[in-house]
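Participant: After the structure tokens below, expect a handful of questions from me.
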Amino acid sequence: MSAMERPSGQQPTTYDSAFMKACRREPVPHTPVWFMRQAGRSLPEYLKAREGIPMLESCTRPELVAEITLQPVRRHKVDAAIYYSDIVVPLKAIGLDLDIKPGVGPVVADPIRTRADLARLRDLTPEDVSYVTEAIGLLTAELGTTPLIGFAGAPFTLASYLIEGGPSRTYERTKAMMYGDPDLWSDLLDRLAAITGAFLKVQIEAGASAVQLFDSWAGALAPKDYRRYVMPASAKVFEAVAPYGVPRIHFGVGTGELLGLMGEAGADVVGVDWRVPLDEAVRRIGPGKALQGNLDPTVLFAPTEVVETKAREVLDAAAALEGHVFNLGHGVMPSTDPDSLTRLVDYVHTRSAR
């Protein structure tokens with residue numbers, strides 16, 4: 001079986017797309033572009049479609065999910081769609097009492113802090129997230145040759161939400177468990193790795209062409225702590241989906257010191273935030289990986305000529321990479337002008353045309 005081939009031997013219609021080729025480090029007609037958080041927030045059509053519908057409920061409505069996922073593909077002509085969901089969806093699906101509060105983020109009613117609490121983290125089954133299978137079926141029928149990226153939150157980031165009870169700047173309870181009760185910590189991350197792996201499998205089996213693991217908060221860790229306490233669980237997630245042969249992307253924020261380890265965990269593509277230039281990032285990561293990134297999302301608030309200058313700097317820094325997927329160094333900000341994203345996609349495609 002070739003590296004990026006499905007077990008059935010059937011190549012999906014997205015196989016020869018620029019995005020998939022870049023992930024496989026093959027020659028591309030142009031540098032492919034997609035944006036983290038492109039589905040949602042900044043688009044008026046998204047706000048209209050989701051009006052009056054709570055975030056987590058919107059993730060369970062297949063037709064709404066499909067519509068929101070498709071909106072940026074139609075508008076911006078990006079090279080890949082990203083499945084509209086949230087990293088806490090699988091946790092909600094197994095029965096945890098949590099919600100996404102506007103302006104705050106995920107909030108957990110009863111945080112996970114003792115060994116007895118682990119019993120609440122049961123295995124995820126495809127039936128728990130049947131709406132995901134249905135939504136991806138609708139999407140792949142519409143997307144045709146445009147790849148769909150599935151995604152999940154990485155075990156460390158999910159654990160930090162579960163232990164803290166919500167977003168944190170210091171991760172004090174999380175690190176207290178990690179350092180103070182390493183056996184409980186390891187068991188918690190193993191449980192979350194199994195849930196995350198199962199969630200990604202559902203997405204791939206439904207038709208996702210690639211997957212991205214978001215370790216949003218891993219930048220809070222020193223490299224030796226990441227290697228010891230976090231990397232084994234992330235590696236288990238990547239191993240769980242390895243047999244499907246789809247590209248696996250690994251992304252974190254503030255992870256410049258961890259880039260090599262994040263690649264080592266099992267990613268085919270390493271996402272880089274805006275703090276490290278791509279030519280330096282590849283030195284830290286080493287050969288055999290494609291890179292994704294890494295325009296600072298705030299640049300989009302500057303005049304068009306500035307955006308283009310900064311985008312050109314990213315493309316120039318990526319010139320010698322084995323494979324490059326153009327993206328922002330983090331998600332699209334809610335107040336971003338959608339037209340600036342559309343212009344950026346066109347600029348990257350034109351500037352990078354081979």
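The values are calculated or read from the model by the stated rules, or taken from the named source; none is laboratory data. Everything numeric in this text was worked out from a predicted model, so none of it was measured. So basically every Cβ, Gly included, is an ideal-geometry build from the backbone, and we count neighbours across all protein chains shown. The accessibility values were calculated without ligands, DNA or RNA, using every heavy atom of the protein model including side chains. Shrake-Rupley method; radii C 1.70, N 1.55, O 1.52, S 1.80 Å.
Participant: Calculate, for segment 14-168, the solvent-accessible area per residue in square angstrom, rolling a 1.4 angstrom probe over the heavy atoms of the protein chains.
Facilitator: On the way: 6000 Å² over 155 residues.
Here the per-residue accessible area is 39 Å².
Participant: A follow-up question, please. Counting pairs of Cα atoms in segment 12-113, how many percent are more than 16 Å apart?
Facilitator: 64 percent
Participant: Also, quick follow-up: Tell me which lysines have Cα within less than 26 Å of K310's Cα, excluding those fewer than 8 residues away on the same chain?
Facilitator: Filter leaves K21, K77, K289.
Participant: When the helix-only estimate is applied to the chain (DSSP H runs of n ≥ 4, each -39,500 (n - 2.57), divided by the residue count), what is the mean residue ellipticity at 222 nm, nearest 500 deg cm²/dmol?
Facilitator: Counting only the DSSP helices, I get -12500 deg cm²/dmol.
Participant: How much of the DSSP beta bridge set in the chain is antiparallel, as a percent to the nearest 5?
Facilitator: Antiparallel bridges make up about 15 percent of those DSSP assigns within the chain.
Participant: Then there's this: Accessible area of segment 220-322 with a 1.4 Å probe: how many percent of it is carbon plus sulfur? Mind showing how you got there, number by number?
Facilitator: Working: 2110 of 4060 Å².
Carbon and sulfur together cover 52 percent of it.
Participant: Which of the pairs K175/K224; K101/K175; K201/K236 have their Cα atoms more than 19 Å apart in this structure?
Facilitator: As for pairs spanning more than 19 Å Cα to Cα, those are K101/K175.
Participant: Here's a follow-up. I'd like the carbon and sulfur percentage of the solvent accessible area for segment 1-159, probe radius 1.4 Å, heavy atoms only, ligands and nucleic acids excluded.
Facilitator: The nonpolar share, carbon plus sulfur, comes to 52 percent.
Participant: When the distances between all Cα atoms of the chain are binned every 10 Å from zero, what whole-number percent does each bin get?
Facilitator: So the P(r) values, bin by bin, are 5, 26, 36, 25, 6, 0.
Participant: Residue farthest toward the positive end of the dipole of segment 163-277, with Cβ of Lys/Arg at +1 and Asp/Glu at -1: which of V237, Q212, L259?
Facilitator: Toward the positive end, the furthest listed residue is L259.
Participant: Report Rg (one decimal) and Dmax (nearest whole number) for segment 59-204, counting Cα atoms only, units Å.
Facilitator: Both quantities, over Cα of segment 59-204: 16.6, 50 Å.
Participant: Oh, and also: From largest accessible area down, sort T125, T157, T350; use a 1.4 Å probe on the protein chains.
Facilitator: Details: T125 50, T157 0, T350 95 Å².
Largest accessible area first, the list is T350, T125, T157.
Participant: In the chain, if the dipole is taken from +1 on Lys/Arg beta carbons and -1 on Asp/Glu beta carbons about the Cα centre, which of L96, A119, V246 is farthest to the positive end?
Facilitator: V246
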